[in-house]
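K.L.:
Structure below; questions to follow.
The values are calculated or read from the model by the stated rules, or taken from the named source; none is laboratory data. Remember, it's a predicted structure, so these values are computed and weren't measured experimentally. So basically every Cβ, Gly included, is an ideal-geometry build from the backbone, and we count neighbours across all protein chains shown. Accessible surface is based on the protein model in full, side chains and every heavy atom, while ligands, DNA and RNA are left aside. Shrake-Rupley method; radii C 1.70, N 1.55, O 1.52, S 1.80 Å.
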Amino acid sequence: MIIVMKSRATEKQIENVIAWIESVGYKAHPSSGVERTIIGAVGDQRDKAALKYAENLPGVEKTMPILKPYKLASREFHEEDSVVRVGAAEIGGPEFVVMAGPCAIESEEQLLESAYVVKKGGGQILRGGAFKPRTSPYSFQGMEEEGLKVLESVSGKTGLPTVTEVVNPADVDLVESYADMLQIGARNVQNFALLKKVGHARKPVLLKRGMMTTIEELLMSAEYILSSGNPNVVLCERGIRTFETATRNTLDISAVPVLKNLTHLPVVIDPSHAAGNWKYVIPLSRAALAVGADGIIVEVHPEPEKAVSDGAQSLKPEKFYQLMDDVRALAKAMRG
Ligand code: PEP
Ligand code: MN
């Protein structure tokens with residue numbers, strides 16, 4: 001339920017409504033707009049009719065049900081686009097944000113070299129995995145905390161904010177102490193314990209769609225994070241499983257306008273994991289910008305042929321520079 005306050009409602013009246021919502025067993029999520037404050041009352045839906053009583057409280061204009069099952073993620077709750085800040089980058093704002101870097105952190109030298117490429121090309125956020133969710137238990141699993149230390153050090157040397165994956169609820173505090181944004185990978189999109197844990201983190205979250213998750217399921221996963229108290233969630237379409245085998249996954253480009261219609265959260269595309277082949281990364285990045293995504297996350301490696309993970313889909317530095325030139329030209333044409 002949304003409780004819409006009158007435009008002249010006082011702070012005290014808003015506080016009273018919040019206290020009342022909590023006294024009847026719901027969680028209050030206030031959101032102040034330019035005109036007025038609205039308060040989302042979310043919780044168990046069984047006796048939501050009781051919330052209608054809020055219309056009798058001083059300062060309340062009206063109550064409105066939120067029809068979607070994802071309440072805080074829905075456009076009904078929050079009409080304007082949300083902007084998520086990661087260092088100096090603003091995802092969901094006027095600028096198309098490029099996050100780039102290697103799939104896995106392999107050494108300080110490798111990450112630093114990648115970061116210089118990202119920075120030189122004009123990328124705003126450095127990616128790099130320290131905990132890798134690998135299909136095979138025999139594949140490289142990541143440098144773990146050593147990798148996080150490398151990530152922090154490279155961020156300090158280049159000034160780039162960072163995004164890195166966390167796969168275990170027990171590691172959220174650790175990862176949060178080193179990185180600027182927490183990635184939830186495709187395989188963990190419905191790991192509810194992990195979603196709740198990052199929902200309590202203070203860092204923003206990059207939530208990737210699973211290879212078998214519907215758009216509604218993705219939004220319900222975002223709802224776990226939002227309802228746990230973390231409002232800074234960015235959604236990422238990274239390809240889904242279909243019958244097609246020519247690409248690693250099938251990039252669901254329609255997910256972008258569909259999500260933009262349903263939610264206020266920023267939406268980015270990962271063309272690298274969608275395609276599985278560096279050759280398709282530049283055209284898919286152009287498609288991401290053209291379809292209205294807020295940014296991309298791409299894999300870049302100084303020597304993809306030597307990469308310990310996802311080399312086939314990683315761009316060489318010169319290809320990354322070409323991608324950035326294309327992005328700038330297209331952004332200028334489309335966004336002014
Ligand atoms: C990654 O970003 O390297 C990764 C493992 O991505 P995904 O979870 O989308 O497969
Ligand atoms: Mn990867």
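K.L.:
Quick one: in the stretch 216-237, of everything that is out of contact with any strand residue (DSSP E or B) (no Cβ under 7 Å at 6 or more places or on another chain) and open to solvent by 30 Å² or more (accessible area, probe 1.4 Å), which residue is nearest to ligand 2 (Cβ to nearest atom)?
P.N.:
Going through the qualifying residues, I end up with Glu217.
K.L.:
Now for a different question. Quick one: what pairs do we get from the stretch 160-171, first residue assigned to a strand (DSSP E or B), second surrounded by 19 or more Cβ atoms within 10 Å (Cβ to Cβ) and among the acidic types (Asp, Glu), C-beta under 8 Å, 6+ apart or different chains?
P.N.:
Going by the 8 Å Cβ cut-off, the qualifying pairs are Thr162/Asp180; Val163/Asp180.
K.L.:
State whether one or more residues within the stretch 312-320 are open to solvent by 10 Å² or more (accessible area, probe 1.4 Å), free of Cβ contacts under 8 Å to residues at least 60 places away in the same chain and within 14 Å of ligand 1 (Cβ to nearest atom).
P.N.:
Checking the stretch 312-320: at least one residue is open to solvent by 10 Å² or more (accessible area, probe 1.4 Å), free of Cβ contacts under 8 Å to residues at least 60 places away in the same chain and within 14 Å of ligand 1 (Cβ to nearest atom).
K.L.:
Out of all the residues in the stretch 175-191, which are acidic (Asp, Glu) and crowded, with 21+ Cβ neighbours inside 10 Å?
P.N.:
Hit for the stretch 175-191 is Asp180, nothing else.
K.L.:
Determine which member of the set Val84, Val97 is closer than 19 Å to Tyr321 by Cβ, more than 16 Å from ligand 2 (Cβ to nearest atom) and surrounded by 16 or more Cβ atoms within 10 Å (Cβ to Cβ).
P.N.:
Of the residues listed, the single one that is closer than 19 Å to Tyr321 by Cβ, more than 16 Å from ligand 2 (Cβ to nearest atom) and surrounded by 16 or more Cβ atoms within 10 Å (Cβ to Cβ) is Val97.
K.L.:
Of the residues Val166, Val150, Val172, only one is β-branched (Val, Ile, Thr), in the same structural domain as Glu237 (by TED's automatic domain parsing), more than 16 Å from ligand 2 (Cβ to nearest atom) and open to solvent by less than 10 Å² (accessible area, probe 1.4 Å); which?
P.N.:
Unique residue meeting the criteria: Val172.
K.L.:
Kindly list, by first and then second residue, each pair from a residue in the stretch 300-311 that is under 11 Å from Ser272 (Cβ atoms) to a residue that is among the acidic types (Asp, Glu) and within 12 Å of ligand 1 (Cβ to nearest atom), limited to pairs with Cβ atoms under 6 Å and residues at least 6 apart or on different chains.
P.N.:
Every condition considered, the pairs that remain are Asp310/Glu299.
K.L.:
Test each condition in (1) crowded, with 22+ Cβ neighbours inside 10 Å; (2) within 12 Å of ligand 1 (Cβ to nearest atom); (3) part of a loop (DSSP other than H, G, I, E, B) for Ser139 and report the one that comes out false.
P.N.:
(1)
K.L.:
Please report, ordered by residue number, the strands (runs of 3 or more DSSP E) entirely within the stretch 74-131 with at least 2 residues that are within 15 Å of ligand 1 (Cβ to nearest atom).
P.N.:
97-101, 125-127
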